[in-house]
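Worksheet for the structure shown next.
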Amino acid sequence: MYVVRPDSTAEMRAVVVRRTVDGEAVIGEGLQAGETVVTDGQLRVVPGGPVVGQVRLEPEPPRAGEAVRPPAARAPDGGAAEAAAGRPGP
């Protein structure tokens, strides 16, 4: 998985999926609340490469055990990315 750093570059990160619920993954390890992850266009993203786009913020933090739908941002190729834990979309 690619995480978007504060300088808008991509960092490759290993994550642990605890379970899936209705097609959405519950990430148990490897991400912190508020980090933005690339969810579309990963094949065109390279470690350290630029990531640009939109960020969506969640209206409230998820409750323990709930699936989180990440927000969106765009990879340099125009692919969408979404933020994990606490950033909603458009």
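Computed quantities for the displayed model
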quantity: Residue among Thr20, Thr9 that is of a type outside the set (Phe, Trp, Tyr) and surrounded by 13 or more Cβ atoms within 10 Å (Cβ to Cβ); calculated: Thr9
quantity: Criterion (at pLDDT 90 or above and in contact with a strand residue (DSSP E or B) (Cβ under 9 Å, 6 or more places away or on another chain)) met by exactly one of Arg56, Arg69, Arg19; calculated: Arg19
quantity: Per-region count, the range 23-42, residues outside any strand (DSSP E or B), touching a residue at least 12 places away in the same chain (Cβ under 8 Å) and exposed (fewer than 15 other Cβ atoms within 10 Å of the Cβ); calculated: 3
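The values are calculated or read from the model by the stated rules, or taken from the named source; none is laboratory data. Not measured: the values here are computed from a predicted model. A quick note on method: Cβ atoms are made from the backbone with ideal geometry, for glycine too, and the neighbour counts reach across all protein chains shown.
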